[in-house]
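Chemist: Quick one: the structure is below, questions incoming.
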Amino acid sequence: MSNRTLAILKPDCVQKNLIGEVITKITGAGFKIISMKMVHLNEKSAGGFYEVHKERPFFNDLIKYMTSGPCVPIALEKENAVEDFRKLIGATDPAKAEEGTIRKLYADSIEANIVHGSDSDENAKMEILHFFSRKELLENHG
Ligand code: AMP
């Protein structure tokens with residue numbers, strides 16, 4: 001799956017009615033949508049997804065935010081997907097994100113930063129399987 005990455009349109013993206021605009025940016029940059037759904041995460045699922053940040057001071061707020069409303073996980077495919085997607089979304093803190101990136105355009109803060117992108121091929125694989133079954137991925141992608 002080295003040509004795949006997981007995006008999540010986070011609750012602030014959904015709340016601000018930006019799903020369409022953000023997906024247009026993503027597909028316009030050459031990413032193909034393999035699978036996509038809208039889900040309202042509970043604490044267990046959000047906590048599992050962000051397990052690596054469990055000890056961080058922002059963990060509780062992050063879980064509160066990620067469970068505050070529905071989000072839209074999307075499995076994406078493109079050559080060099082992980083790196084290219086991180087370039088497209090920009091730095092975690094929108095104040096530090098480059099002009100034209102999704103976070104620079106739409107995000108309000110380091111926490112409410114509109115979109116998630118996997119940070120390595122290994123994590124992309126695990127994160128995609130957090131939201132999509134192998135069966136779903138195969139059915140949608142032949
Ligand atoms: P990451 O795994 O790097 O995407 O980090 C997970 C998410 O945690 C980020 O996308 C932000 O929503 C949030 N986050 C990361 N760093 C901070 C921070 N210093 N303060 C608050 N939220 C943060």
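The values are calculated or read from the model by the stated rules, or taken from the named source; none is laboratory data. Model, not experiment: these values are computed from the prediction. Using ideal geometry, Cβ is built from the backbone for each residue, glycine included, and neighbour counts are taken over all protein chains shown. These area figures cover heavy atoms from the full protein model, side chains too; ligands, DNA and RNA do not enter into them. Shrake-Rupley method; radii C 1.70, N 1.55, O 1.52, S 1.80 Å.
Chemist: Out of all the residues in segment 39-46, is one or more within 15 Å of the chain's Cα centre (by Cα), of a type in the set (S, T, N, Q) and assigned to a helix (DSSP H, G or I)?
Modeler: yes
Chemist: Residues 34, 23, 74: which one is β-branched (Val, Ile, Thr) and under 18 Å from residue 119 (Cα atoms)?
Modeler: 74
Chemist: Just give me the residues in segment 26-76 being touching a Phe, Trp or Tyr at 6+ places or on another chain (Cβ under 9 Å), of a type in the set (Gly, Ala, Ser) and more than 16 Å from the ligand (Cβ to nearest atom), in sequence order.
Modeler: Hits for segment 26-76 are 29, 35, 75.
Chemist: Pull up segment 79-111, narrow it to residues that are out of contact with any Ser or Thr (no Cβ under 7 Å at 6 or more places or on another chain) and on the phi > 0 side of the Ramachandran plot, then point me to the one that is most open to solvent (accessible area, probe 1.4 Å).
Modeler: Here the answer is 80.
Chemist: Given the criteria farther than 17 Å from residue 18 by Cα, in contact with a Lys or Arg (Cβ under 7 Å, 6 or more places away or on another chain) and free of Cβ contacts under 8 Å to residues at least 40 places away in the same chain, does residue 97 qualify?
Modeler: Here the answer is yes, as residue 97 does meet what is asked.
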